[in-house]
Amino acid sequence: MLHFDEARRGAIGRLGDVLEEAPRGVKAVLIDDLFGKLRVVLWAGKKENADDLKKKLDGELREACGHYWTGEIWLATGGGRISEGDRRLYEQAWKEAAPRGDGRLRLLDRHRNRGGWLMPASSPPWKLPESGYSTEEQPIVVFYSFKGGVGRSTALAAFAIQRARAGERIAVIDADLDAPGLGHLLSAPEVGTAQWGVADY
């Protein structure tokens, strides 16, 4: 049976090999995510190169990492338009990651808890507008408890759905970093859950 540290070493080796053969401007961040799975952010230049590189990389990492590979390669360049928030998130991932070898590959560990003990605080990937929001118009409601498993996420989902049905616009953020599940409660089957979570941002 493959252990995570073996999968991670295999991913680093395969990624390094692929980057060595790739054009000079290509670079990547290997992310060890909150749940012990591996994913990649890839800067690949032109779209044609990006598609081929992504396909090759996926095959190599699937073979090297087994069930630890998420199959997720996020294109920071070369894959069409990306949102400003995602672009800043990719840049932040590059800055936070530790360089490896010639610097084209970087490694980023996403800590599941006590992250504040292990790394410096980062600024948000985007800024709220200077004007246009008022706390009277946009109330913030927090569902909180010291204990898990008491129905906090279910209560929040029910509240958000009820307010949305009443015609209000609702934004829900699951800040439970140990066991986020709100996205699954609220996701539409045809859309699925969001690609990024609050821990990433």
Express in nm, to one decimal, how much length is gained between residue 9 and residue 169 on full extension, taking 0.36 nm for each residue of separation and deducting their alpha carbon distance.
53.1 nm
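For segment 47-109, report the accessible area per residue in Å² (1.4 Å probe, heavy atoms, rounded to an integer).
Numbers: 3500 Å² over 63 residues.
In whole numbers, segment 47-109 has 56 Å² accessible per residue.
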Please give, to one decimal in nm, the separation of the simple spin-label points placed at residue 154 and residue 88, each 7 Å out from Cα toward the Cβ.
3.7
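For a 18 Å ceiling on Cα separation, which of these pairs sit above it: 55/95; 37/95; 54/95; 27/55? Walk me through the numbers on the way to the answer.
Numbers: 55/95 25 Å; 37/95 21 Å; 54/95 22 Å; 27/55 15 Å.
Those over the limit are 55/95; 37/95; 54/95.
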In the full protein assembly as shown, how much of residue 174 is accessible to a 1.4 Å probe, in Å² to the nearest 10?
30
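For an R0 of 41 angstrom, estimate the FRET efficiency from the Cβ-Cβ distance between residue 49 and residue 141 and round to the nearest 0.05.
Numbers: r = 47 Å, r/R0 = 1.14.
Here the calculated transfer efficiency is 0.30.
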By how many nm would the segment from residue 20 to residue 2 grow when fully extended, if each residue of separation counts as 0.36 nm and the alpha-carbon distance is taken off?
3.9 nm
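The values are calculated or read from the model by the stated rules, or taken from the named source; none is laboratory data. Remember, it's a predicted structure, so these values are computed and weren't measured experimentally. Methodologically, a virtual Cβ is constructed for each residue, glycine included, from the backbone with ideal geometry; neighbour enumeration extends over all protein chains shown. Heads up: the accessible areas ignore ligands, DNA and RNA and are worked out on the full protein's heavy atoms, side chains in. Shrake-Rupley method; radii C 1.70, N 1.55, O 1.52, S 1.80 Å.
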